[in-house]
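Have a look at the structure below, then the notes.
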Amino acid sequence: MDRKLNRIKTALVDNGKTNKWLAEQLGKDPATVSKWCTNACQPSLEMMMTIAKLLNVDLNDLVRFEAVPDPVIKE
C-alpha cells in the first residue's frame, strides 16, 4: 500500500532547498534522502526532528497524520 506519510519534499521546495542540500546537512547518502522524499521509506523520528529543525518547520508540518489509518482499539 502506498502511503505518503511525510512531506519532506514539499518542505524542501517551500524552503528553496534540494535533496542534495539536505543529504549534505545530514551526512546521508543522497539516495537515502531521495527515498524519504518519495516516501519509499521513512526516516526515524529523531531524523525527522533534525530535518524539521534544519528547515525551520514544525515537526507536524512534515508528517501527514491523515495518511495513517485509525487504530483499532482492542478491549
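The values are calculated or read from the model by the stated rules, or taken from the named source; none is laboratory data. Predicted model, so just to flag it, every value in this text is computed and none were measured. Ideal geometry is used to build each Cβ from the backbone, glycine not excepted, and the neighbour counts take in all protein chains shown. Ligands, DNA and RNA are stripped out before the accessible areas are found, and what is left, the full protein with its side chains, is counted by its heavy atoms. Shrake-Rupley method; radii C 1.70, N 1.55, O 1.52, S 1.80 Å.
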(request) Would you check if there is a residue in region 41-59 being touching a residue at least 12 places away in the same chain (Cβ under 8 Å) and among the basic types (K, R)? (result) no
(request) Please work out which one of (1) at positive phi; (2) open to solvent by 70 Å² or more (accessible area, probe 1.4 Å); (3) under 9 Å from the mean Cα position of the chain (by Cα); (4) not small (G, A, S) is the condition K9 fails and give its number. (result) (1)
(message) Which residue is farthest from K4 (Cα to Cα), if the candidates are limited to region 35-57 and must be open to solvent by 50 Å² or more (accessible area, probe 1.4 Å) and small (G, A, S)?
(response) S44
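Every residue, every condition in (1) at pLDDT below 95; (2) out of contact with any Lys or Arg (no Cβ under 7 Å at 6 or more places or on another chain), yes or no:
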| residue | (1), (2) |
| --- | --- |
| M1 | yes, yes |
| R7 | yes, no |
| G16 | no, yes |
| A31 | no, yes |
| T50 | no, yes |
| L54 | no, yes |
| D70 | yes, yes |
| E75 | yes, yes |
(request) Could you list, in sequence order, all residues of region 34-72 that are in a loop (DSSP other than H, G, I, E, B), under 11 Å from K9 (Cα atoms) and of a type in the set (K, R)? (result) none
(message) Out of everything in region 58-73 that is of a type in the set (V, I, T) and over 11 Å from R7 (Cα atoms), what residue ends up being surrounded by the most Cβ atoms within 10 Å (Cβ to Cβ)?
(response) V68
(message) Can you pull out every residue in region 19-33 that is assigned to a helix (DSSP H, G or I) and either open to solvent by less than 80 Å² (accessible area, probe 1.4 Å) or among the hydroxyl-bearing types (S, T, Y) (or both)?
(response) N19, W21, L22, A23, L26, P30, A31, T32, V33
